[in-house]
Structure formats: structure tokens, C-alpha cells
Amino acid sequence: MAKFEVMDHPLIQHKLTMIRDKNVGTKVFRETVREISTLMTYEVSRTMPLKDVEVETPICKTTKKSLAGKKVAIIPILRAGLGMVDGITEMIPAAKIGFIGMYRDETTLKPHEYFVKLPEDIAERQLFIVDPMLATGGSAVMAIDALKKRGAKETAMKFVSLVAAPEGVKAIQEAFPDVDIFTAALDDHLNEDGYIVPGLGDAGDRLFGTK
Ligand code: PRP
Ligand code: URA
């Protein structure tokens, strides 16, 4: 079974609690999602492989560590996943970025795919699939499926969310047991409208000021 990690770093927890507050406006919400994403990247990348490289300091030649292995692609699930991209590229500036557009039907809660644009070498990269909210898991499962159909490998995927419901975690783990899942919080449950409780509301609307 792949990794499932709730990131309990105090800064992540503090910032996440800030944006759960319904009175926080678009500016602070957006800035804080970005900051949390940067902090999460630190933890998500912890197992990245290293290799020895030679470097000449002003004092002498030495052999030290440098990143090795597959390069990264960040795959935000639109719209809300976009809010996490800048925070991650701050740490991994050379990452390529692919997009999966998906919206959840408000009545059936089923996801609908409307856009896919990925780097050509997707099969050769480590993938950070990002979406602040993992609710029923329908969007995440459809996004992972879309990536696999285009040659991406399950073992190379890390799904990164800010708030997850147990239902969503279970959906990914059952469908794709080799995908690592990272979240800043594992909340209680989903309500009858499919929203995470206590959650933070509609992440896309809060990020982009659309409601
Ligand atoms: C939200 C969220 C996820 C999805 C999670 O997106 O950003 O993509 O719902 O729900 P699920 O786990 O039940 O599929 P939404 O469909 O509201 O679209 P948006 O990002 O454009 O606001
Ligand atoms: N999508 C959101 O943006 N929030 C939720 O609570 C559930 C799905």
C-alpha cells in the first residue's frame, strides 16, 4: 500500500485553521493556500532520491548531494488546484505543469472532465496531482485515471490536498492502491450536499471570488 500522510506541522495546521474561517476574504485565502502548498511541498518531496555530485567551493573540491531521479510535473485539477501551483513551483521551479479540468455536478456529485493538457513526457515524470479538496474522491479518481490512460504510472503519482474526507481517501486507495496521498487535514465526513465537514467550503469559489 502506498503512503497516506496527514501533515501535522504546526505552521500548516495554523494556516489551514485561518482559512477555514468563513470571514476570510479572497486575498488572504489565496495567499494562504499558496503558503500551505509551499510548506507541504517540503514534506511531499522528502523521499526524493539524491545522487552524489562534485562541487568546487571557494575552499576546495567536494562531493555532496543533489536531486536525482525523475523530474516533477505538477497537475492541478481545475479550477481549485490552480491555487496550489505557485506555492509548489516556489520550491520546484523547473517543474512542468499539466492541467486537468473537472467540475463536480452539484446534484449527482459526479465529476465531468472538460479539459486535459499534459506535458508530452508525462510517463517519465513524478506527478504531484493537486486539488485543495478531496471530498467523495470522484474528481481525484477520474483525474488519476485520465493520467494513467495517457501513460503515467501510478507509482509515480502523489495526490496532494489541503482537506480530505475519509470517503475520498478510501476512494483513491481502493481504485489506485499505489498512489501516495498527502493532506493537511483529514476531516470528519461529507454532508448531504457532498461538502466536507467541517471543511472550508467551496475552495474554487473562495480562491477566485466567484460566490
Ligand atoms: C471541487 C474540488 C475538487 C472536487 C472535490 O471542485 O476542487 O476538484 O470539488 O470533490 P469530489 O472529491 O467529490 O470530486 P469543483 O467541482 O467545485 O470545481 P472548481 O474547482 O472549478 O470549483
Ligand atoms: N469541493 C469543495 O470545494 N469543497 C468541499 O467541501 C467539497 C468539494
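Residues 17, 47: which one is more than 26 Å from residue 145 (Cα to Cα) and of a type in the set (Ser, Thr, Tyr)?
Working: 47 fails: more than 26 Å from residue 145 (Cα to Cα).
Just a single option satisfies the conditions, and that option is 17.
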Next on the checklist: Checking the condition in contact with a helix residue (DSSP H, G or I) (Cβ under 7 Å, 6 or more places away or on another chain), in contact (Cβ under 8 Å) with a residue 12 or more places away in the chain and more than 10 Å from ligand 1 (Cβ to nearest atom), which residue from 152, 123 passes?
Outcome noted: 152
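Scan the stretch 68-111 for residues that are more than 16 Å from ligand 2 (Cβ to nearest atom), in a helix (DSSP H, G or I) and either without any contact (Cβ under 8 Å) to a residue 24 or more places away in the chain or buried (at least 18 other Cβ atoms within 10 Å of the Cβ) (or both) and report the count. Quick ask: steps written out before the conclusion?
Going through the stretch 68-111, the residues more than 16 Å from ligand 2 (Cβ to nearest atom) turn out to be 68-75, 85-99.
With in a helix (DSSP H, G or I) added as a condition, the list becomes 85-89.
Then keep just the ones that are either without any contact (Cβ under 8 Å) to a residue 24 or more places away in the chain or buried (at least 18 other Cβ atoms within 10 Å of the Cβ) (or both); that gives 85, 87-89.
Going through the stretch 68-111 one residue at a time, the tally reaches 4.
Could you tell me whether the stretch 149-172 includes any residue that is among the acidic types (Asp, Glu) and farther than 30 Å from residue 23 by Cα?
Filtering the stretch 149-172 down to residues among the acidic types (Asp, Glu) leaves 154, 167.
Filter again for farther than 30 Å from residue 23 by Cα, leaving 154.
Yes, there is a match, as at least one residue in the stretch 149-172 is among the acidic types (Asp, Glu) and farther than 30 Å from residue 23 by Cα.
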Checklist outcome for this item: Those residues of the stretch 7-26 which are surrounded by fewer than 14 Cβ atoms within 10 Å (Cβ to Cβ) and not in a helix (DSSP H, G or I) amount to 8, 21, 22, 23, 25
Item to check | Answer residue from the stretch 156-180, given it is in a helix (DSSP H, G or I) and touching a residue at least 60 places away in the same chain (Cβ under 8 Å) and is most open to solvent (accessible area, probe 1.4 Å) among those | outcome: 173
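The values are calculated or read from the model by the stated rules, or taken from the named source; none is laboratory data. Predicted, not measured: the structure shown is a model, and the values here were computed from it. FYI the Cβ positions are ideal-geometry reconstructions off the backbone, even for glycines, and counts take in every protein chain you see. SASA here: full protein model, heavy atoms, side chains in, ligands and nucleic acids out. Shrake-Rupley method; radii C 1.70, N 1.55, O 1.52, S 1.80 Å.
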